[in-house]
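Take a look at the structure below.
The values are calculated or read from the model by the stated rules, or taken from the named source; none is laboratory data. As the structure is a prediction and not an experimental result, all values here were calculated from the model. FYI the Cβ positions are ideal-geometry reconstructions off the backbone, even for glycines, and counts take in every protein chain you see.
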Amino acid sequence: MQELFYIKLQELNQYYIKIIILVSAIILMLLSWSIYNEYEHKKISALEHAKNTFEKDMMFREWVASHGGVYVPPTDRTPPNPYLSHIPNRDLITTTGKKLTLMNPAYTLKQLMTEYKGMYGAKGRITSLNLLNPKNKANEWEVKALQIFEKKKQLEFHEFLKKDNKEYIYYMHALVTEESCLKCHLHQGYKVGDIRGGVSIVIPMEKYNRDFYNTIKDIFLIYIVVYLIVVFGIRYTHKILKLSILEQEKLYVENQKKEEIMLAQSRNAAMGEMISMIAHQWRQPISVIAMWANNITADVDMETLNKEDCKKYADNIVAQTKHLSQTIDDFRNFFRPDKSKETILIKDVMEDCLSVIEKSLQNNNILIERNYENFIEVNIYSRELMQVFINIIKNAKEALIDNKIKNAKITIKIYEDDYSVISEIRDNALGIKPEVIGKIFDPYFTTKGVKSGTGLGLYMSKTIVEKHLNGTIEVKNIDDGVSFVITIPKK
Ligand SMILES: Nc1ncnc2c1ncn2[C@@H]1O[C@H](COP(=O)(O)OP(=O)(O)O)[C@@H](O)[C@H]1O
Ligand SMILES: [Mg+2]
């Protein structure tokens with residue numbers, strides 16, 4: 001039985017390890033998922049930044065294009081654009097004599113991009129595979145992007161690349177020819193809708209990577225705290241459950257000990273009862289032996305001892321001693337501990353029991369009536385059942401004597417139904433008071449006072465019947481006494 005607690009503890013430990021592994025796996029998964037999300041978020045933000053930069057540039061370009069270009073005073077910084085020399089009104093002089101030169105969208109944008117490049121992180125460039133201005137020549141990556149636009153008819157392309165150990169997002173958006181572009185680019189053979197080139201934007205990833213690592217640090221910290229809390233929680237629960245199992249085991253062992261003590265006490269009580277029964281059984285043969293021995297002494301004293309008389313006395317003494325030793329055998333049988341089950345008729349168990357107890361019943365003028373209809377043997381610890389029968393019959397005897405019942409009688413009926421062998425023991429000792437009958441199987445419950453009662457007989461009987469014989473024991477009052485019914489299953 002204690003193995004059960006050991007198994008329970010082992011099971012608990014296994015659960016504990018499994019749960020820790022499961023929780024660790026889940027938290028690790030969530031952590032990876034969060035990191036992956038942050039990583040994606042970093043890339044999306046950088047791409048968003050690049051797109052915004054492009055859109056801002058386009059808005060500005062659009063604004064310039066919507067005016068058909070803008071005129072600014074020509075300076076070293078903004079000389080007349082040689083690529084616009086084919087435009088009739090490239091250079092103007094106002095009525096007040098101020099000189100102005102035309103800036104087309106590409107020219108304005110290029111100036112904006114070169115002069116303010118990197119101001120807000122992003123660097124942009126307009127480029128094409130078919131150039132007006134050779135300074136706008138596409139680099140290797142831009143050529144690749146432009147070729148992709150031409151081949152796959154897509155308008156955007158981006159990549160994250162390392163250059164000199166630093167990471168950048170390279171973004172390019174195609175420039176599609178519109179009506180307003182043809183003013184400058186018509187001579188290159190473009191039509192509306194053609195991809196004419198692209199705006200490339202390069203943004204260093206440093207800030208995004210820094211943000212990413214900072215967020216990851218925070219996430220790690222939070223996950224570690226959560227993990228520790230969860231693991232401590234599980235550990236704590238495990239500890240409490242373990243303690244409760246150990247506590248249960250302790251209680252179980254204590255109960256076991258208590259039960260053993262009670263069993264020993266009730267065996268002692270039964271032993272006392274036996275000894276008093278042996279005394280009853282031996283009283284008569286011993287007095288007979290004494291009588292024959294007296295006869296021998298008297299004959300010797302009177303010198304009348306002859307051979308025949310002597311032999312007769314001796315034979316009688318031997319016969320009585322045989323009876324004595326038979327009684328001892330009976331009792332020894334009763335006290336022999338049950339090591340293994342035997343297959344036996346319950347009525348035989350009852351007869352064995354009566355053979356030791358009947359004499360003391362007869363001495364108290366108690367009649368025993370037997371009524372056996374028992375043919376099926378059962379496999380049981382027969383000594384234990386005998387102890388139960390003795391306890392019940394002894395109680396009946398005590399009640400009959402205490403209540404000074406005339407025509408005192410114990411009726412024993414053993415019969416069978418489909419599943420069980422039923423033993424009923426009745427007496428006519430006036431029954432048990434109703435307020436007491438519910439307690440008689442409780443340990444240490446007695447109405448006989450501490451001197452004559454232990455209160456263990458019926459408690460032990462119930463324990464034996466229910467736990468060792470898998471049966472039931474019931475009590476009820478009948479007209480003039482009590483009926484105990486013991487049901488033992490056939491299988
Ligand atoms: N046949 C009976 N008639 C009347 N009372 C009984 C009978 N059998 C048991 N009892 C009651 O049940 C109580 C408990 O019995 P038991 O457990 O054998 O303890 P004890 O005999 O030591 O008192 C007895 O004290 C008695 O009051
Ligand atoms: Mg008793």
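Brief remarks on what is shown
- Selection of the stretch 456-482 for residues being of a type in the set (S, T, N, Q) and surrounded by fewer than 17 Cβ atoms within 10 Å (Cβ to Cβ) yields Asn470, Thr472, Asn477.
- Any hit, the stretch 60-75, residues being part of a helix (DSSP H, G or I) and closer than 27 Å to Asp211 by Cα: no
- Test for Ser355: is it away from ligand 2 (no atom under 16 Å from the Cβ), outside any loop (DSSP other than H, G, I, E, B) and among the small types (Gly, Ala, Ser): yes
- Just one of the listed residues (Lys242, Lys257) is without any contact (Cβ under 8 Å) to a residue 40 or more places away in the chain and not polar (S, T, N, Q), namely Lys257.
- Of the residues making up the stretch 384-402, those that are within 13 Å of ligand 2 (Cβ to nearest atom) and touching a helix residue (DSSP H, G or I) at 6+ places or on another chain (Cβ under 7 Å) are Gln387, Val388, Phe389, Ile390, Asn391, Ile392, Ile393, Lys394, Asn395, Lys397.
- Failed item in (1) charged (D, E, K, R); (2) surrounded by 13 or more Cβ atoms within 10 Å (Cβ to Cβ); (3) modelled with pLDDT of 95 or more, with Lys217 passing the rest: (2)
- Count of the stretch 365-383 residues which are touching a helix residue (DSSP H, G or I) at 6+ places or on another chain (Cβ under 8 Å), in a loop (DSSP other than H, G, I, E, B) and not β-branched (Val, Ile, Thr): 2
- From Ile289, Ile245, residue being in contact with a Lys or Arg (Cβ under 9 Å, 6 or more places away or on another chain) and part of a helix (DSSP H, G or I): Ile245
- Within the stretch 358-383, being closer than 22 Å to Thr327 by Cβ and away from ligand 2 (no atom under 16 Å from the Cβ) holds for Glu358, Lys359, Gln362, Asn363, Asn365, Leu367, Ile368, Arg370, Ser382, Arg383.
- Asp418 vs. criteria within 16 Å of ligand 1 (Cβ to nearest atom), out of contact with any strand residue (DSSP E or B) (no Cβ under 7 Å at 6 or more places or on another chain) and on the phi < 0 side of the Ramachandran plot: no
- Residue among Ser483, Ser452, Ser461 that is within 14 Å of ligand 2 (Cβ to nearest atom), within 28 Å of Asp417 (Cα to Cα) and small (Gly, Ala, Ser): Ser461
- Number of positions in the stretch 353-401 that are among the polar types (S, T, N, Q) and over 23 Å from Leu458 (Cα atoms): 5
- Residue that is surrounded by the most Cβ atoms within 10 Å (Cβ to Cβ) [pool: residues in the stretch 421-434 that are more than 11 Å from ligand 1 (Cβ to nearest atom) and not in a helix (DSSP H, G or I)]: Ser423
- Which numbered condition Gln188 fails, given (1) loosely packed, with under 11 Cβ neighbours inside 10 Å; (2) touching a residue at least 24 places away in the same chain (Cβ under 8 Å); (3) among the polar types (S, T, N, Q): (1)
- When residues in the stretch 435-469 are screened for being within 26 Å of Met271 (Cβ to Cβ), free of Cβ contacts under 8 Å to residues at least 60 places away in the same chain and in a loop (DSSP other than H, G, I, E, B), 11 of them pass.
- Residues of the stretch 1-49 satisfying the condition of being touching a helix residue (DSSP H, G or I) at 6+ places or on another chain (Cβ under 9 Å), within 26 Å of Asp211 (Cα to Cα) and surrounded by fewer than 11 Cβ atoms within 10 Å (Cβ to Cβ): none
- One residue from Lys448, Lys490 being more than 8 Å from ligand 1 (Cβ to nearest atom) and not hydrophobic (A, V, I, L, M, F, W, C): Lys490
- Tyr415 meets all of the listed conditions (1) part of a loop (DSSP other than H, G, I, E, B); (2) away from ligand 2 (no atom under 13 Å from the Cβ); (3) aromatic (Phe, Trp, Tyr) but one, namely (1).
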